[in-house]
1. Are any residues in the range 3-20 of a type outside the set (A, V, I, L, M, F, W, C) and either at pLDDT below 95 or crowded, with 19+ Cβ neighbours inside 10 Å (or both), and if so, which ones?
2. Pick out the one residue from Leu106, Leu79 that is part of a helix (DSSP H, G or I), closer than 26 Å to Ala218 by Cα and of a type in the set (A, V, I, L, M, F, W, C).
3. If Glu237 satisfies all but one of (1) closer than 30 Å to Met423 by Cβ; (2) of a type outside the set (Lys, Arg); (3) part of a strand (DSSP E or B), what's the number of the condition it fails?
4. Could you list, in sequence order, the residues of the range 114-146 that are within 23 Å of the chain's Cα centre (by Cα) and not charged (D, E, K, R)?
5. From the list Ala462, Ala439, pick out the single residue that is among the hydrophobic types (A, V, I, L, M, F, W, C) and at pLDDT below 90.
6. Inside the range 389-405, can you point out the residues that are under 37 Å from the mean Cα position of the chain (by Cα) and surrounded by 15 or more Cβ atoms within 10 Å (Cβ to Cβ)?
7. Output yes when any residue across the range 137-147 is within 21 Å of Val197 (Cβ to Cβ), out of contact with any Asp or Glu (no Cβ under 7 Å at 6 or more places or on another chain) and in a strand (DSSP E or B), and no when none is.
8. Scan (1) open to solvent by less than 70 Å² (accessible area, probe 1.4 Å); (2) over 14 Å from Tyr309 (Cβ atoms) for the single condition Lys461 breaks and write down its number.
Amino acid sequence: MRTAEEYVAKLKTMRPNIYLNGEVVSRDDPRLRYGVNTISETFNWAMDPANEELLTAKSHLTGEKINRYCHIHQSSEDLLKKQEMTRFYCQRVGGCIQRCMGIDALNALSVVTKNIDLEMGTQYNERFLAYLKKYQEEDLVANCAQTDVKGDRSLRPHQQSDPDLYLRVVKKTDEGIIVRGCKAHNTIAPYADEIIVVPTRMMTEKDADWAVAFAIQADAPGVSQVVRVSNPRPREELLAPFNNYGSADSLTVFDDVFVPWERVFMCGEYKFAGQLASLFATYHRHSYTGCKPATTDVLMGATALVAEYNGVEKSSQVREELADLVTMAELVFAAGIAASVKSTKAPSGTQIPDIVYTNVGRYHAGINVYREHEILAEIAGGLPATLPSEKEFSNPEISQLMDKYIMRKDGISAEAQQRCFRMISDLLCSSHAGVVQVAGVHGGGSPIMERIAITGQYDMKAKKNLAKYLAGIKE
């Protein structure tokens, strides 16, 4: 297990291939610091013996203690702990912990590589396990690059006018493959050790060149990351934990990148492309059943706090709105628990969460994102949108007036009032808040994709037979 300091030190040694606001930067650029801070907490908290049972696991390969973010789920209990761990971390950073990207991809690969081997006589799973052992021993951090830029959405990969609009294999050699293309929405990629590539959709025989999965170092030759950061507003005086954490996403370009065979986990087995795409989505949506309740916890806490400060905490409207937030958070979490309890074991020995419960939970989270923020806005009022800057509260000419007129309920200091509304302003009115809201809807799959997964997997025939039985229909 690494320390946060070792993780940060490794980032500083990596090749600068990050394009940010028109310039090439290294991974110690201050604008990336907020995302690095977020991932660092997954090392810091795991070192605390009090959290050992939740945040670490025993490797099924070596028997050694590892960070749970490097673990392949072996049981329902593992899935439950991953979900609880995700909520734990997201509460402490006030948002997405991000490191679930890598472990969700690894679990999907552990299942599908074995399935390919069993049907095709390949040796992908052996390669994968060798890579996994290295991943666990070095306590690595990975992004999962799944979403292709896709071009014309009505066309399959082989039908695109530009074949590179889906990432593809352009050449095979004795040593490995050469790939070209671009993956989008790659959260954590700018400060990850590795990028794990998986397909984005089902493939046909004509799409075989696009049916590829592999792992590559995030700074490998030919890999370029065009990055957008999403950080809370910086604080100059009223420093707060919430403002220490952020994220960054990459449009990751693969310009004839060489991947050695030992890092290739699918190459042309098009029948399994959809399985891998769907399984990563399943694991990632299961992670959301821990993540989204935590972000609702943050909004819920802010709503309850500002209601108290405004003196309206006993209002029936406030109690009803808080009850809505509780049901949103805990129904999503409960769906994740159900998905863990109803999980199944793959031939590889990896535990797979129930697809229907997983997607029900993620769907419920996605369609309620804006309603959650609406509740906070209703209770907080207009001040989060018009709150003066920190400097006005420290300006000797006007600070006393600012303190006087921000006051609400007696007994709560002007500084506490200002801190409360400043955080709510960050949660509702900042550019970071806008990104978080859209990500809450689309991250891990848009609601339409969850509906497709739910209806595709649910046994509707059994329900029709039930209706026939109760209606007395014999045929």
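1. Tyr7, Asn17
2. Answer to the check: Leu106.
3. With (1) closer than 30 Å to Met423 by Cβ; (2) of a type outside the set (Lys, Arg); (3) part of a strand (DSSP E or B) applied to Glu237, the lone miss is (3).
4. Phe128, Tyr131, Leu132, Tyr135, Gln136, Leu140, Val141, Ala142, Asn143, Cys144, Ala145, Gln146
5. Ala439
6. Glu390, Phe393
7. yes
8. (1)
The values are calculated or read from the model by the stated rules, or taken from the named source; none is laboratory data. Source: prediction; values computed, not measured. Cβ atoms come from the backbone with ideal geometry, glycine included; neighbour counts cover every protein chain shown. These area figures cover heavy atoms from the full protein model, side chains too; ligands, DNA and RNA do not enter into them. Shrake-Rupley method; radii C 1.70, N 1.55, O 1.52, S 1.80 Å.
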